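The values are calculated or read from the model by the stated rules, or taken from the named source; none is laboratory data. Note that the structure is a prediction, hence the values are computed from the model and not measured. Cβ placement follows ideal geometry from the backbone for every residue including glycine, while neighbour counts extend to all protein chains displayed. The protein model used for the area step is the full one, side chains on, heavy atoms only, and it has no ligands, DNA or RNA in it. Shrake-Rupley method; radii C 1.70, N 1.55, O 1.52, S 1.80 Å.
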Amino acid sequence: MSLAFCGNENNSVAYNVDGGVLNNGCFLDALNVVPHVFLLFITFPILFIGWGSQSSKVHIHHSTWLHFPGHNLRWLLTFVLLFILVCEIAEGIVSDGFSQSLHLHLYMPAGLAFMAGITSIIYYHNIETSNFPKLLLALLIYWVLAFIMKTIKFAKYTEHGIGPRQLRYCITGLLVLLYGLLLAVEINVILGRRYMCFADPTEVKPPEDLQDLGVRFLQPFVNLLSKATYWWMNTFITSAHRRPIDLKVIGKLPIAMRALTNYMKLRKAFEDQKRPQGTAPQGPKLIWQALRKAFGRPLMLSITFRFMADLLGFAGPLCISGIVHHISKDNRTIQQPMSLLGIYFISSKEFLENAYVLAVLLFLALLLQRTFLQASYYVAIETGINLRGAIQTKIYNKIMRLCTSNMSMGELTVAQICNLVAIDTNQLMWFFFLLPNLWAMPVQIIVGVILLYYLLGISALIGATVIAVLAPVQYFVATKLSQTQKSTLEYSSERLKKTNELLRGIKLLKLYAWEHIFCDSVEETRGKELTSLQAFALYTSISIFMNAAIPIAAVLTTFVVHVHISEDADLSPAVAFASLSLFHILVTPLFLLSSVVRSTVKALVSVQKLSEFFSSDEIGDEQEPRAMLTSGSSNHNQNRYQAVPLKVVNRKRPPRDDWNNYSSQGDHEGDGPSQEMDQDTCIKINSGYFTWTDGPPTLSNVDIRIPFGKLTMIVGQVGCGKSSLLLAALGEMQRVSGTVTWNSLPTLDHEADYCSSSCVFEPAGRKRGAVAYASQKPWLLNATVVENITFEMPMIKSRYKAVIEACSLQPDIDILPQGDQTEIGERGIILSGGQKQRISVARSLYQQTNLVFLDDPFSALDIHLSDHLMQDGILKLLREEKRTVVLVTHKLQYLPHADWIIAMKDGTIQTEGTLKDIQNCEPELFEQWKILMHRQDQDFEKDTEAASMTDLERKNLRRAMYSREAVRTEEDEEEESLESDDDDNMSQVMRQRATIPWRSCGTYLSSAGVLLLSLLLLSQLLKHSLMVAIDYWLAHWTSQVIEAKINATARNCTVAQACGFSHSWYLSIFSVLCCLGIILCLATSVAVEWTGLKVAKELHQQLLHKIVLAPMRLFETTPLGSILNRFSTDTNTIDQHVPTTLECLSRSTLLCVSALGVISYVTPVFLIALLPLAVTCYFIQKYFRMASRDLQQLEDSTQLPLLSHFSETVEGLTTIRALRYEPRFRQRLLQYTDANNIASLFLTAANRWLEVRMEYIGACVVLVAAVASITNCLYNHLSTGLVGLGLTYALMVSNYMNWMVRNLADMEVQLGSVKRINGLLKTEPENYEGLLSESVTQVPDGWPRQGEIKIQNLSVRYDTTLKPVLKNVNAHINPGQKVGICGRTGSGKSSFSLAFFRMVDMFEGRIVIDDIDIAKLPLQTLRSRLSIILQDPILFSGTIRFNLDPEMKATDEMLWEALDIAQLKPVVKSLPGGLDAAVTEGGENFSQGQRQLFCLARAFVRKSSILIMDEATASIDMATESILQKVVMTAFADRTVVTIAHRVHTILNADLVIVMKRGIILEYDRPEALLEKEDSVFTSFVRADK
């Protein structure tokens, strides 16, 4: 067939120009080619030369991007234009199919127009990005020409009576309209940018965000195509392959998405709500309305997108129905088209009856539908993330103004607030994400049912009813699921608490051989948790089963009913497969329904919680004192808060500065009555009554003054209100009556901005300057030591040195691995109480504030440090700077240093004045003090000695550091890369990142056992084979129906049945297959969950046992947090997430494989196209997995600092407010929130990136499959049923592929947990077996009876890789001797005591106790027969009885006796429940000293003949210690006691003293003998002790 532009038939009407050139159809088409050719010729050189050269040299940075006016409209119109041009091409080709020769003019102009359309948008895009509008002239000319040509053509068609019945007429009309609109857009650009015809072109700058090179999130700024396909993400995602993604790579958030911007939006919405008086909504309603106002618009957009996507989704089933229907038409004769103007026209009905056209339309509809769907998801999630940021900021602002009493009275706990941030804000975010579904579902269901009814009649409604009836069951299962999850959570938190205690006290448990008791207790809780998990697994499997079985059941019922209702049922493939796809569409909203409803309920609860939180009391809110409030005060308060949730922003400045002047409105109101006050008084309180709660006042009738620049001390007994007085002055307490007056004289450099006149402040001291406040319980940030001390102040080296020196922190800093750059706190190194206290005081000294409040800074310090701090810090540093110091203390020996003293008693002021005044006015009090001061000074004599409690703390720290460092060096490669990804060389890490941890997957599955595994695999394979079989049988059956019909017509039977065709046989087989399928669905879902449970049980059990039996080294070298994480997050992942992910992954993979298999079976040609698609898929998923994992980790790791910032703030509220640091902390919160949000945004965008690409590949699969099967059917007589089958499966492919890749990525992250647990499972346990068995013959029952110890040539080290800490030690201790061991820190004293318990590696020599070498004993036996008292007292939560005797062996008498010896009997007697009184976690409800005494009592209960005391009296005051020494001497008169002493005077009356140095024994003799030698080391120790 030869080609010619106008065709080459002989009777060529085509070349007839008798009626004028313009009346020739072919010439009209030729005319239309002109503009397109013009554009292509003009723009190609510009594109190639201009941008080709430019892009190779310099990449246009996105800071030059901006959008011309009408940008989005132009893109939209261009898309529509291209779609219509595709239709025109198709119409041309179809109508050309009727003539013998090929008429190029029917489709070539349209083809050129298509190319020109694409060129125009590329050209425009390039001009726009380089901001050079003059070149748009070419486009202007093009639109004018195209518009004119199309109008001529349209006019001629109308003139010749060609009307809307002809498709080409409609297309031409639409094109005229579109070219006109595009012309209008182009003219609008000229008017907007004035680049021609105007003298002054307007200068336009790109948006602020794009000028900032830190912004890398470009979604809001790119063009429509890039927005829809996330094209700008390409470089970002592929770069993840070269280097891991971190916060630097993802840059900053665009301004519109920052937490501050969104918070301002939300606040404005709240303020608009409360304008009209009295009508303002209250409580949760207020929050909902504000959210709607602030974030409603983008949600509407998302819902619109969702509607479009859902409606386009129905194109699939309709096109399949159309295609199959047209192929199966037996008569393929088509009537002759109309011929006018010498060319052929066809009507739109004929056009749409072409199967190929339908295939292309289906392809385009799928592309559009997927694009809209992803856009809807993206907009919804972005809105959710913005909303989360805004609410978190609002919560934080509320925290900053919370009443401290709420916290201390337990109305709000830190945990509750953290939950608000971590859980409730996320619930709201998820609700917003799922909200479009709420609107879209009803529409989807209604349209779906209508279409089904149209296809199948009444039987469709019955099928839909089946789905509807099962939906409530789904919902019921979903609610049950969340309930079981809750109970599981309760058990797991209980288990974690127990695990935490076990790990914290592991040393004690090992020394007392009690590990198994605690281990069993954890196992017991785990048992309960597993029971709960079983229920969880059951419901999960039911849910999975329902998801798989409902569509089968629905299809089965529908077809059964359909065949039975109508005698001559039309069950053609077209009907069957269209309804099959419709059922698949219908089922989706019903599955989502349950999760959406659940999410809605959760969101309602969360908003309720938030509303309660926002209406809780604020600080300094009453303008009038409490006493004047009416009886309904509390109620009236509540309303006031709800109406005014955020009233602290002054509206005089633009929002940017708001953070910095976030102080209360008090600043702008009158200063209140000024009151004359001495210039040397800093703070004055007149007849103040202060309270924490609404009860009687805590402080009453307070009249004090605090002089300027002087040292004021506040003294009094415990609990008399000293700390409360400081807080009252700071305005943290509620003032019932009286006044607090501050007189701030600016003495320090930057105090100048506070009022210098004296001012009374009414609310709660908003007029005061900043106060450096060190609270009694030290509060530290999770930051480095330096950051904790300088605390946001500039670093001044000299000042910093002086402060460190005054607080004697240098030795501690030297021990830390990175010096003062070491992280401390939750994620870093755990410091001891004294170290924390000193850092907290150092912070107060370093701050340059006028006033310093120190609340009992000496409580956790020993006498040396206190003295040093008093002399160098308080008396020297602070005095020199003339700062006003208020010091609360119990150490009366410092009173002579005070310039002013306030004595308190029972919440009132006993007296105030200088020490002289008090001596004169209150002689009794003064005498009392003098006695106490004298006694404390005597203690001081005794107490001055080197190895003090501080040394002890340092030693602990050093030991932890030492072992941690050692382990770093010996750790093998794999562990190293596990610990930290960043210090390993890049390429290796990248290689590791690229591979999926299949080994962990193997570990996971092998824990399940062979039987379960084989069951799992078999059931999955069988189920999927059956699913394919069901659909195949349907195809076979429907094809038979059609053949029967054709035969019937051939034989002239009226109905098919009459010719012997019966549905019943096909139907029965179909039903059997369906029922089997349903049964197998159940089997697989149960098998998966069962496997998951078994693995969870196995892994946790192994982990717990390994950890409990692990040597002490593991706990010294691994941070506790990381071990705990294995038990918390990792175990939780394995319990709940891995099984479902595994199920989803296997299901989606098998579905994908079976779908591709079916398509290839129907049309083998498809395999050729499959190859490139598969390769593309492989690379997409490979890149995506890496980026996704990095982003997932980033999101998790940015959430931690955010949450810990909240908890830090809540705990240190008073300190922050005292220092007036609220704005700085707010600023930091914004940084953390933004970091977390940008990670979430990128993660969302990455997921969309993947899904869009997978959906497009899916659409390509559909197109290829459709075209191939149509061709195959038309020419090779493929049965129509199979065509329907192939297309139905092709439609599902993209969904399956998406799921597959997403689940792969999830699986990879989750297998990390298995990998980490596996790492811990490799630890070698201690050698518990001894050579001697437990039997009485080898180890006598009461061993050791005498308590004789022989140490022979003993050498000890902590680990095989470390240097020995004891070298060749020899000693002999007789039964009943009292031995004291002393020596400097690090001399090996404690290692000596640990050697008795084989806690350290004894690689030479031996210890023989009562003639048995301890190395031969089983560890359990050895440790259970000796007693030890450790230096840090450890108590467990439970009862006192449990703490003294967990094995429950002792009688009550024995316990009371032990308590009596330990001086605790009166304390315990007074507690409710006596021995069964509760001990809180860590023994927090007893003081440090009491805890140490309990530990002594614990050792007394176990009546062993050898007792080892390891510096056990470190935290006990002198008086109690001397009592104890006597007790030990009497109660243990006949037993061997080894005391490791840090106060030498405690061992002066021992029978034998051993002095150690660097792991060897220096001196070994009676103390008397050693003291006689002048030059002995012991003598020098004792001297230093005097």
Exercise. To the nearest µm²/s, what D does Stokes-Einstein give for the stretch 782-876 at 10 °C and 1.306 mPa s, using the Kirkwood radius over alpha carbon pairs as Rh?
Worked result: 118 µm²/s
Exercise. What number, in percent, do you get for the relative contact order of the stretch 1350-1404 if the mean sequence gap of Cα pairs under 8 Å and at least 6 apart is divided by its residue count?
Worked result: 43 percent
Problem set entry | Pair-distance profile P(r), taking every C-alpha pair of the stretch 1324-1445, with 10 angstrom steps and integer % | 11, 39, 35, 14, 1
Exercise. In whole angstrom, and with the biggest value first, how far do the Cα coordinates of the stretch 204-247 range along each principal axis?
Worked result: 37, 23, 12
For this session: Kindly write out, for the stretch 1153-1170 in residue order, the coupling ³J(HN,Hα) from the Karplus curve 6.51 cos²θ - 1.76 cosθ + 1.60 (θ = phi - 60°), rounded to whole Hz, with x marking Gly and Pro.
Result: 4, 5, 4, 4, x, 4, 4, 5, 5, 5, 10, x, 4, 3, 4, 5, 6, 5
For this session: Could you state, as a whole-number percent, how many of the C-alpha pairs of the stretch 128-261 are farther apart than 20 Å?
Result: 67 percent
For this session: Tabulate in residue order the Karplus-calculated ³J(HN,Hα) for the stretch 602-613, using 6.51 cos²θ - 1.76 cosθ + 1.60 with θ = phi - 60°, rounded to whole Hz; enter x for Gly and Pro.
Result: 4, 5, 4, 4, 4, 5, 4, 4, 4, 5, 4, 5
Seminar exercise, completed: Ordering F1403, F1115 by the accessible surface of their heavy atoms, 1.4 Å probe, largest first, yields F1403, F1115
For this session: Pull out a ≥ b ≥ c, the square roots of the eigenvalues of the alpha-carbon gyration tensor of the stretch 188-321, then state rounded if a/c is under 1.5, prolate if not and a/b is larger than b/c, and oblate in the remaining case.
Result: rounded
Problem set entry | Listed residue pairs exceeding 29 Å between alpha carbons, taken from K930/K1465; K602/K1023; K507/K1367; K1097/K1363 | K930/K1465; K602/K1023; K1097/K1363
For this session: Quick one: accessible surface of S1160, probe radius 1.4 Å, all protein chains present, in square angstrom to the nearest 10.
Result: 20 Å²
Exercise. In terms of modelled amide H atoms, which long-range or inter-chain residues lie less than 5 Å from the amide H of L1507?
Worked result: T1536, V1537, V1538
Exercise. What per residue convex hull volume, in Å³, comes out for the stretch 1232-1384 when only alpha-carbon positions are used?
Worked result: 350 Å³
Exercise. Distance from the Cα centre of the stretch 447-485 to that of the stretch 864-914, in angstrom?
Worked result: 76 Å
Exercise. In units of 2.2 N^0.38 Å, what is the alpha-carbon radius of gyration of the stretch 58-182?
Worked result: 1.24
Exercise. Each residue of the stretch 810-822 in order: what ³J(HN,Hα) in whole Hz does its phi give by Karplus 6.51 cos²θ - 1.76 cosθ + 1.60, θ = phi - 60°, with x for Gly and Pro?
Worked result: 4, x, 5, 5, 4, 6, 4, x, 10, x, 7, 9, 6
Exercise. Just the accessible area for C6, please: 1.4 Å probe, Å², rounded to the nearest 10?
Worked result: 20 Å²
Exercise. Starting at 0 and stepping by 10 Å, how many percent of the alpha carbon pairs of the stretch 540-599 end up in each bin?
Worked result: 19, 44, 24, 11, 1
Exercise. For I824, which sequence-distant residues (separation of 5 or more, or a different chain) have an amide H within less than 5 Å of its own amide H, given hydrogens modelled in the peptide plane?
Worked result: A783, T784, V785, I829
Exercise. Which values of log₁₀ I(q)/I(0), to two decimal places, follow from the Debye formula for the stretch 1391-1439 at q = 0.31 Å⁻¹ with a uniform point scatterer at every Cα?
Worked result: -1.37
Problem set entry | Separation of the N920 and K1503 label points, Cα + 7 Å toward Cβ, nm | 6.4 nm
Exercise. Suppose R0 equals 35 Å; then what is the FRET efficiency for D272 and D200 from their Cβ-Cβ distance, rounded to the nearest 0.05?
Worked result: 0.30
Seminar exercise, completed: Taking the stretch 1125-1214, the whole-percent share of alpha-carbon pairs separated by over 20 angstrom is 64 percent
For this session: For the stretch 474-565, report the convex hull volume of the alpha-carbon atoms normalised per residue, in Å³, without decimals.
Result: 83 Å³
Seminar exercise, completed: Everything considered on the Cα gyration tensor (a ≥ b ≥ c; rounded for a/c under 1.5, else prolate if a/b is larger than b/c, else oblate), the stretch 1271-1358 must be described as prolate
Problem set entry | Area accessible to solvent at Y1296, 1.4 Å probe radius, in Å² | 30 Å²
Exercise. Which number comes out as Rg/Rh for the stretch 827-936 once both Rg and the Kirkwood Rh are worked out on C-alpha atoms?
Worked result: 1.00
